[in-house]
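To keep things clear, I will list the structure first and then write my remarks on it.
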Amino acid sequence: MNPEETLRKLQELAKEGLDPYVVAYRFEVTARAEELRKKYSLLQPGEETGDRVSVAGRLWHVRRHGGITFMDLRDESGRIQLVVRKDVVATNPRLEKVLQFLDKGDIVGVRGRVIKTKAGEVSVLVEDLELLAISWRPIPFHEFGVKDPEQRYRERYLDIMLNSKVRSAIVGLYQVEREMRRVLDEKGFVEVHTPKLQAIYGGALAKPFVTKINALDRTVYLSIAPETYLKRLVVAGLHRVYEIAVSFRNEDIDATHYPEFVQLEAYMAFADWNDMMSLGEELISEAVKALYGSYKVEREDGTTLDFSRPWQRVNMVEAVEEALKVRVRDMSREELAELAESLGVEARDPRAGKIMEKLFEKVAMPRLKNPTFVTLFPRDISPLARPSREDPRYAERFELYIAGLEIANGYSELNNPVLQYHFFKEEEELRRALEAESHPMDRDYVRALEYGLPPTGGIGIGLYRLMMVLSGLPSIKDVIPFTITSPENVELVSESLEWLARRYL
């Protein structure tokens, strides 16, 4: 609808006393679309009930056939058909007036009786209708949402409105969170909030966002992970803690990375990495079951992801050797670098473990389809994990991979303050030498460990990535409600009609 058409519509509505921005402040909703479709599914074609309901939502389609008007109304649960019959309109002059002004995209409230049409469609026979808000812009109504990729991310509200797959993924994310909370709460975990403004960032190897607290005249960092604060709480005696945390990492944006994301982190005293792998299995598999009604998820590409427990476990070195058919476990850093470069893998990092990890990501990670725990990461890239009790060259650290994508990370937490201080110093020296991603020295965290951290297991689960895998959507941005896009000049209908504001004030 262009500004001129919008203005004419508002003027006509005002004349009839139907301007929704003047008269419509609320509407009593007594039923949802999907509830009605299920509850009355057994009605016979052509059967009418005396059950009166009130529904509200956006008009999706308007079809007129002789003396009958059919409209599709969508609310947050789904779609319900509205039927407007000529004989009902004849007894309600107000309804007749409102119908003249309706367009696709308008938001309405409807009162009427539940029926099933002769074609077998559960519907609401409209007895009264209120226009609650108008759509000032044309909406490209079709099932697959906005086709322009740039517009999809600029106007997320429009894409979510039109794309059922995106909408289901965004709603599904919160259903996953709810189920994970249920499992953790029943196990005696306490949900907490850790600071998002931190004097020293930590808990992952990532670049932070830098900001300032003016009142303190102090530089601080947006949290890249809640890990070190959650473990401080374990020191304090909260032996089972978790947070569904918003985290920030000032890194590249691509199909699997976004600078602002949501993860669940949980820590359990008197546990190790094996306990956390079992907990991760339970959290994710039960969330999948709650969301899909099964541990198996059918994907659009014809594949099936099976979340039935137990999940496969393979250590990183074995995964690389299996993929390359080459023994790499005893290679020197130089030999690993030579092998990596022959495969087109960048190998400038001085840590042998980092080169091994890059090899794994190149040759083994894409093969992991069903949930698989990759264990025994090199110690030199795991500064917060305990060295393996079997081989100190490795850490008791695991990552979970699903459909070739890293979903979770966890370990037996390092609780030796002397080792933690030593590893932090190694990380600092690395950062000074290479400006590489490394963990900064956190003296207060080491001090907390000096009071005594019990043997503890921890796990972090990337919830956006998990939902991306489950939904089969191609980009992590598809499961994030709102993302940042490049600047634009936004043209507004309201700007050209600003003078109308006087009418409403």
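The values are calculated or read from the model by the stated rules, or taken from the named source; none is laboratory data. For clarity, every value in this text was computed on a predicted model and none was experimentally measured. Here the Cβ positions follow ideal geometry from the backbone for every residue, glycine too, while neighbour counts run over all protein chains shown.
Laid out as a table, the results:
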read-out	value
Tally of residues being within 14 Å of residue 130 (Cα to Cα) and out of contact with any strand residue (DSSP E or B) (no Cβ under 6 Å at 6 or more places or on another chain) across the range 78-93	3
Which listed residue is buried (at least 17 other Cβ atoms within 10 Å of the Cβ), assigned to a helix (DSSP H, G or I) and under 20 Å from the mean Cα position of the chain (by Cα), from 291, 305	291
Evaluation of residue 350 against (1) surrounded by 21 or more Cβ atoms within 10 Å (Cβ to Cβ); (2) more than 31 Å from the chain's Cα centre (by Cα); (3) touching a residue at least 40 places away in the same chain (Cβ under 8 Å) (one fails), failing number	(1)
Lone unmet requirement of (1) in a helix (DSSP H, G or I); (2) over 33 Å from the mean Cα position of the chain (by Cα); (3) not aromatic (Phe, Trp, Tyr) for residue 470	(2)
Residue, nearest to residue 239 (Cα to Cα), within the range 437-468, restricted to residues that are touching a strand residue (DSSP E or B) at 6+ places or on another chain (Cβ under 7 Å) and among the hydroxyl-bearing types (Ser, Thr, Tyr)	456
Qualifying position, being in contact with a His (Cβ under 8 Å, 6 or more places away or on another chain), of a type outside the set (Ser, Thr, Tyr) and under 27 Å from residue 292 (Cα atoms), among 158, 184, 173, 162	162
Subset of the range 351-385 that is β-branched (Val, Ile, Thr) and part of a helix (DSSP H, G or I) - its residue that is modelled with the lowest pLDDT	381
Enumeration of residues in the range 308-327 that are among the polar types (S, T, N, Q) and surrounded by 15 or more Cβ atoms within 10 Å (Cβ to Cβ)	315
Filter pass, residue 295 being in contact with a helix residue (DSSP H, G or I) (Cβ under 7 Å, 6 or more places away or on another chain) and within 28 Å of residue 468 (Cβ to Cβ)	yes
Residues being under 27 Å from residue 477 (Cα atoms) and among the aliphatic types (A, V, I, L, M) - total across the range 255-311	12
Count of residues meeting criterion [touching a residue at least 40 places away in the same chain (Cβ under 8 Å), within 21 Å of residue 448 (Cβ to Cβ) and not in a strand (DSSP E or B)] in the range 205-255	13
Residues being closer than 23 Å to residue 272 by Cβ and of a type outside the set (A, V, I, L, M) - total across the range 210-248	11
Any hit, the range 364-381, residues being touching a strand residue (DSSP E or B) at 6+ places or on another chain (Cβ under 7 Å), at positive phi and not hydroxyl-bearing (Ser, Thr, Tyr)	yes
